[in-house]
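Report on one structure; see the data block that follows.
Read-outs throughout are calculated quantities, based only on the coordinates presented, and are distinct from any laboratory measurement. Predicted model, so just to flag it, every value in this text is computed and none were measured. Here the Cβ positions follow ideal geometry from the backbone for every residue, glycine too, while neighbour counts run over all protein chains shown.
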Amino acid sequence: MEKIPSFTIDHIRLKRGIYVSRQDMVGGECVTTFDVRMKEPNREPVLSPSAIHTIEHLAATFLRNHPQWSNSIIYWGPMGCLTGNYLIVKGDLTSAEILPLVRETFEFVAAFEGEVPGASARDCGNYLLMNLPEARWEARKYLDEVLSCATEENLVYPQ
């Protein structure tokens, strides 16, 4: 079987950042999948399941309610390896173009207080797997160390 493109990225050299993972034509429209990488693969501890689950609920809610972007957001969800998330957006977009939206999303997560949207037995299949303080801490760390000072190496996959 042929390797899928995401398994051909050099994870040894991959930094934290935002990368265009793939672009697909769907119904005549371009859809861009972003790799929102919060942890360096195989070099630092991954996100805890409870933190990434909380980030998922907060980021997905924020993005799908965003005044300018809500109609373009298709999906936000965690990577199985727990090193980041995927963001799928309608449009032919670059990492630099989506950076302000991702920054805004993580500012929302880092500052969020109150009940996590969808964190109930009725609304979520594993609602007890939530940790808001840890999610806020991880979001702030990603904002301060990556999103606020992103360079080319945080926006373009290593060759």
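For the chain, the relative contact order works out to 30 percent when only alpha carbon pairs closer than 8 Å and six or more residues apart are counted. When the chain is treated as a Gaussian network with alpha carbon springs shorter than 10 Å, the biggest mean-square fluctuation among L58, L129, L143 belongs to L129.
Can you tell me how much longer the chain between Q23 and S6 gets when fully stretched, taken as 0.36 nm per residue apart minus their C-alpha distance, in nm with one decimal?
On the way: separation 17, 0.36 × 17 = 6.12 nm, distance 1.20 nm.
Here the answer is 4.9 nm.
Counted by Cβ distance under 15 Å from Q68, the other residues give a net charge of +1, where Lys and Arg count +1 and Asp and Glu count -1.
Remark: segment 14-19, residue by residue, has Karplus-estimated 3J(HN,Hα) of 5, 9, 5, x, 10, 10 Hz, where x stands for each Gly or Pro and the curve is 6.51 cos²θ - 1.76 cosθ + 1.60 at θ = phi - 60°. Among R13, R140, R64, the largest mean-square fluctuation in a Gaussian network model of the chain, built with springs joining Cα atoms closer than 10 Å, belongs to R13.
Amide H contacts under 5 Å for S21: T33, F34, D35, restricted to partners 5 or more places along the chain or on a different chain, H placed in the peptide plane at 1.01 Å from N. Between E134 and N71, the modelled label-to-label distance comes to 3.9 nm, taking each label 7 Å out from Cα in the direction of the beta carbon. With the helix formula -39500 (n - 2.57) applied to DSSP H stretches of n ≥ 4, the chain reaches a computed 222 nm mean residue ellipticity of -10000 deg cm²/dmol.
Find out how many positive minus negative residues lie around L14, taking Lys and Arg as positive, Asp and Glu as negative, among other residues whose Cβ is under 11 Å from that of L14.
On the way: positive: R13, K15, R16, R37, K39, R43; negative: D10, D35, E40, E153.
Summing Lys and Arg as +1 and Asp and Glu as -1 gives +2.
Largest GNM mean-square fluctuation among K15, K141, K39, using the chain with Cα springs under 10 Å: K141. Starting from the Cα of K141, draw a straight line to each of the lysines and keep only those under 26 Å, dropping any in the same chain fewer than 8 residues away. The reachable lysines, counting only those whose Cα sits under 26 Å from K141, are K15, K39. Normalised by residue number, the volume inside the convex hull of the Cα atoms of the chain is 137 Å³ per residue.
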